[in-house]
Amino acid sequence: MSAASIPPDSIDGAQAARPSVARWSVAAWVLLFWFGFYGLMMPSDMIEDMQMAHGANLARDVFGTFLQASVWSLLSPLILWLTQHYAIEGPLRWRNIGIHAGAGLAISAVNVAICHSLVYAVFGDRIGSSVHWTLGESVLVSTPYMVIIYLAFAAIVYSIRLVRRYEEREKLLAQAQVQALKAQLNPHFLYNTLNAVSEFAYKDAATAERLITMLSDLLRLSFAGGDAPKVPLADELAFVRRYLDIQQLLLEDRLQVRYAFEPEALGAQVPNFILQPLVENAVVHGISRRVATGHIEVGARVENGRLKLWVSDDGPGLAGASPRRHGIGLSHTRARLTQLYGGEQGLEIDSPAAGGFNARLCLPYERQRTG
């Protein structure tokens with residue numbers, strides 16, 4: 001079905017359904033936490049009954065466990081709101097910690113009062129180890145314990161929010177890096193290409209037309225991946241191939257390119273625009289400095305669950321190149337790889353004494369997502 005044939009109301013319905021799905025997901029997580037926590041605590045309650053009340057009261061323990069988990073679940077929206085609006089960071093962190101302490105005391109006292117009253121109403125004097133406790137004594141004794149539970153739950157919620165915030169920042173950073181790479185490519189490369197088009201327009205109209213077509217394809221491919229942090233290697237290769245096709249025309253056959261991609265590697269996910277800086281580095285600081293024809297090889301293979309990528313050229317190498325040869329593209333590439341993969345990646349470079357330059361990447365092998 002094409003985008004134009006999708007009913008607008010179905011799109012609106014899908015967008016409206018997302019907050020609802022998120023709310024149900026949070027509700028399910030909250031219920032699982034509280035009922036799981038108190039389910040694990042029930043055996044200790046039974047042991048306490050046996051030690052202090054001369055026999056376990058199974059009905060009371062099951063009812064009390066279900067009741068406490070239910071009350072905490074009903075109070076959880078308030079706790080979630082407090083953790084969202086009173087974060088324990090920034091200049092107001094001490095004030096917010098005080099608010100959480102006060103809220104924890106109040107919420108815990110309410111919880112204890114509700115549970116004690118309902119358990120006593122149902123079971124009368126048969127309420128296990130707290131048989132002689134009045135409501136006030138129960139609130140006084142149990143509230144500190146409940147405050148600890150409140151703070152533990154609030155800390156878990158806050159930690160989850162911090163992780164999600166960090167992941168979102170990492171995602172935005174990855175998108176910004178892709179945008180920066182595209183912005184870096186477009187000005188000088190487009191200027192040179194359009195300059196060549198204007199020159200060929202007078203002496204070779206067919207070549208000028210071919211350049212325009214290739215440039216149009218390159219721009220289309222550059223926008224196809226959007227700002228996604230990762231794309232299929234096949235898409236990355238399509239962009240690199242078109243880029244090198246244009247460079248071969250601009251260098252007037254002084255550039256020969258060899259592609260060595262294994263079919264299995266083409267299905268891998270790789271960082272968006274990861275090869276372009278390396279290939280551009282090879283062209284600008286390698287092949288363009290040669291008088292004779294130069295060669296670039298771009299390849300990929302899968303080896304022992306790892307994806308190996310490489311770009312090599314037979315230019316002057318580091319000895320005959322400017323410091324930028326080792327700086328701009330490679331430093332940016334290292335930063336992106338570290339941001340995306342941490343210590344599970346590697347970038348190796350070498351420049352033989354006889355000349356040439358090699359850049360080799362080693363990444364976790366991730367299959368292309370389908371559907």
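For the reader, a short list of remarks on this structure follows.
- Checked across the range 227-241, the condition of being in a helix (DSSP H, G or I), at pLDDT below 85 and surrounded by fewer than 17 Cβ atoms within 10 Å (Cβ to Cβ) holds for no residue.
- Total residues in the range 102-116, condition open to solvent by less than 50 Å² (accessible area, probe 1.4 Å), farther than 17 Å from Ile156 by Cβ and touching a helix residue (DSSP H, G or I) at 6+ places or on another chain (Cβ under 8 Å): 6
- Pairs are defined by a Cβ separation below 8 Å, a sequence spacing of at least 6 or placement on different chains, a first member in the range 100-117 that is in contact (Cβ under 8 Å) with a residue 60 or more places away in the chain, and a second member that is open to solvent by less than 40 Å² (accessible area, probe 1.4 Å); no pair meets this definition.
- Annotation note: Cβ proximity below 7 Å between a residue of the range 253-275 that is within 13 Å of Arg241 (Cα to Cα) and surrounded by fewer than 22 Cβ atoms within 10 Å (Cβ to Cβ) and a residue that is among the acidic types (Asp, Glu) and modelled with pLDDT of 90 or more (sequence gap 6+ or interchain) occurs for Arg258/Glu297; Ala260/Glu297.
To keep it simple, each residue is scored yes or no on (1) modelled with pLDDT of 75 or more; (2) within 18 Å of Trp34 (Cα to Cα); (3) open to solvent by 50 Å² or more (accessible area, probe 1.4 Å).
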residue	(1), (2), (3)
His132	no, no, yes
Leu140	yes, no, yes
Thr143	yes, yes, no
Val157	yes, yes, no
Glu168	no, no, yes
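- Residues of the range 268-292 that are modelled with pLDDT under 90 and under 19 Å from Gln345 (Cβ atoms): Pro271, Asn272, Phe273, Ile274, Leu275, Gln276, Pro277, Leu278, Val279, Asn281.
- Tally of residues being in a strand (DSSP E or B), under 17 Å from Gly355 (Cβ atoms) and either open to solvent by 50 Å² or more (accessible area, probe 1.4 Å) or acidic (Asp, Glu) (or both) across the range 286-314: 3
- Any chance Ala176 is over 22 Å from Thr65 (Cα atoms) and at pLDDT 80 or above: no
The values are calculated or read from the model by the stated rules, or taken from the named source; none is laboratory data. Small disclaimer: the values here were computed from a predicted structure and weren't measured. Please note: Cβ atoms are built from the backbone with ideal geometry, for glycine as well, and neighbour counts cover all protein chains shown. Just so you know, the surface numbers come from the protein's heavy atoms only, side chains and all, with ligands and any DNA or RNA stripped out. Shrake-Rupley method; radii C 1.70, N 1.55, O 1.52, S 1.80 Å.
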